[in-house]
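Rule-based calculations on the coordinates, nothing more; no lab input. Small disclaimer: the values here were computed from a predicted structure and weren't measured. Cβ sites come from the backbone with ideal geometry, for glycine too, and all protein chains shown count toward neighbours.
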Amino acid sequence: MKKIGLALGAGGARGLAHICFLEVFEELGIKPAIIGGSSIGAVIGAVYAAGLSASEIRQGVDDVIFAKPKKFWELHKRSEFLNMMSFIDPQIKNGGIIKGEKFINFLGEKIGVKNFEDLKLPLKIIATDLINNQPVIFDKGELLPAIRASYSIPGLFSPIKFKGKTLVDAGLSNPLPYDVIASECDYVVAIDVSANKTKYVNFEPSALEVIFAGFTMMQRSIIREKMNYLKPDIYIDTDIKDVRVHEFRKAHYIYEQVKPLKNKLKKEIEQILN
């Protein structure tokens, strides 16, 4: 059997599309030989590598996003989220306005896995060393701190101190880590959930909206530059429209947008398998 690796890229809420592409592997009756994840890709990849199915992940997303407010999800309407953002005190402490601990604790309870060695599939998680401006690859030892570091968008989440480093979001250094897993499989599938552009219509973007938009453009530039010298065997550019980093309540809209790409990926993997 040919070994097919799967790279799940950074992109905030757009990364919910990764669930759809995991469904392709399940429909074909195969598992990725290895998963590489950045930011939201690290979250989805870790949950899948821990043994949850794509349908279970999809249901879990619905339970979290569309349920009434719970301890870790205080705001259940996008408008309320944006209103809260506009009232945040600009005196930011500890490098971010959100600690990010509630979500990672919730995630740990759901997957029941503490170490990479306990996962059912090999996994590499990318984060960024803020001091040295270099990507950091985690594939052994504690799992949750690596995930927490990988999604720590600067300015939004506080950086995490782990293994002597100050770590932030993988999108700063390697938002689509297909190169990290290429040597460990025969073929690499890369799912790009970065956005071509952010459109602002009839409203003045807040400071955080500007940070998110700049972060998105930077990720796209990094991926494009990397593609100039190294390309994955299968590249899926989701090009999801009208979904910003924080708009997780657009989950079903995201799924609908990538439906045609699911079929494209399925055909390309079938060609490899045959």
*If you count, for each residue, the other Cβ atoms within 10 Å and average over each peptide, how do 32-40, 113-121, 154-162 line up from highest to lowest?*
32-40, 154-162, 113-121
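For the pairs K31/K110; K120/K241; K3/K262; K3/K163; K110/K140, flag any whose C-alpha to C-alpha distance is greater than 23 Å. Let's see the in-between values first.
Values: K31/K110 21 Å; K120/K241 34 Å; K3/K262 19 Å; K3/K163 31 Å; K110/K140 20 Å.
K120/K241; K3/K163, as the Cα separations exceed 23 Å there.
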*Starting from the amide H of E247, placed 1.01 Å from N in the peptide plane, find each other amide H under 5 Å away whose residue is 5 or more places distant or on another chain.*
A13
*Measuring from label point to label point, each 7 Å out along Cα→Cβ, what is the K231 to E270 span in nm?*
2.3
*Relative contact order (%) - segment 154-274, alpha-carbon pairs under 8 angstrom, separation at least six*: 28
*Gain in length, M1 to K241, computed as 0.36 nm per residue apart minus the alpha-carbon separation, to one decimal in nm?*
82.8 nm
*Summing +1 for each Lys or Arg and -1 for each Asp or Glu, what net charge is found among the other residues whose Cβ lies under 11 Å from the Cβ of I111?*
0
*Of K124/K250; K161/K231; K114/K165, which ones are farther than 26 Å apart at the Cα?*
K124/K250; K161/K231
*Using modelled amide H (1.01 Å from N, peptide plane; none on Pro or chain starts), what sits under 5 Å from the amide H of K124, excluding residues fewer than 5 places away?*
I35, G36, G37
*Quickly work out the E56-to-K31 label distance, labels modelled 7 Å from Cα along the C-beta direction, and quote it in nm with one decimal.*
1.2
_Separation in nanometres of the label points that stand 7 Å from Cα toward Cβ, at N132 and S183_ = 1.6
*Take each of the peptides 136-148, 12-24, average the number of other beta-carbon atoms within 10 Å over its residues, and list them starting from the highest.*
12-24, 136-148
*Tabulate in residue order the Karplus-calculated ³J(HN,Hα) for segment 127-136, using 6.51 cos²θ - 1.76 cosθ + 1.60 with θ = phi - 60°, rounded to whole Hz; enter x for Gly and Pro.*
9, 10, 6, 5, 6, 9, 6, 10, x, 10
